[in-house]
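Okay, so here's the structure we're looking at.
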Amino acid sequence: PLAGPARAAMALGAGLVALADPTRADMVAAVGEATGEAALAGMMARMQRDPDGRRILAEQPRVTSATLCMPALRALPEGSFGRAYARFMDDRGF
């Protein structure tokens with residue numbers, strides 16, 4: 001793992017490339033890796049405080065097209081995560 005100045009340089013360089021060409025998913029991911037440690041730690045702490053979160057962390061399920069039922073997600077209530085996920089995937093042609 002990178003630390004200090006190397007992490008900052010990677011975040012800056014990758015950020016500039018990602019801003020110039022947002023289709024560069026590798027650079028978008030690099031920015032997330034370089035800057036997202038605190039956010040991920042906070043997310044992990046929140047999940048560990050919740051029974052469902054603890055179960056998800058323990059089971060580490062894979063979300064793939066084989067494990068999802070898109071028609072069921074589309075039928076979920078407006079405002080639910082599943083419905084929003086289905087709309088996101090549909091809007092992008094996945």
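The values are calculated or read from the model by the stated rules, or taken from the named source; none is laboratory data. Everything numeric here is computed off the predicted structure, so don't read it as measured data. Every residue, glycine as well, gets a Cβ built from its backbone with ideal geometry; the counts of neighbours run over all protein chains shown. The area values use the complete protein model at the heavy-atom level, side chains included, leaving out ligands, DNA and RNA. Shrake-Rupley method; radii C 1.70, N 1.55, O 1.52, S 1.80 Å.
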Legend entry - Residues satisfying the stated conditions in region 64-93, i.e. open to solvent by 100 Å² or more (accessible area, probe 1.4 Å) and within 17 Å of the chain's Cα centre (by Cα): S65, F81, R92
Legend entry - Near pairs, Cβ below 7 angstrom, 6+ apart or cross-chain, from region 20-39 (polar (S, T, N, Q)) to any residue that is open to solvent by less than 70 Å² (accessible area, probe 1.4 Å): T35/A11
Legend entry - Test: residue in region 40-59 that is open to solvent by less than 70 Å² (accessible area, probe 1.4 Å), modelled with pLDDT of 95 or more and touching a Phe, Trp or Tyr at 6+ places or on another chain (Cβ under 8 Å): no
Inset, instruction - State yes or no: is A72 of a type in the set (G, A, S), assigned to a helix (DSSP H, G or I) and at pLDDT 90 or above? - result: yes
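Among the residues of region 75-94, count how many are farther than 25 Å from T23 by Cβ and not in a helix (DSSP H, G or I).
We begin by selecting, within region 75-94, every residue farther than 25 Å from T23 by Cβ; these are 75-83.
Next, only the ones that are not in a helix (DSSP H, G or I) stay: 75-80.
Of the residues in that region, 6 qualify.
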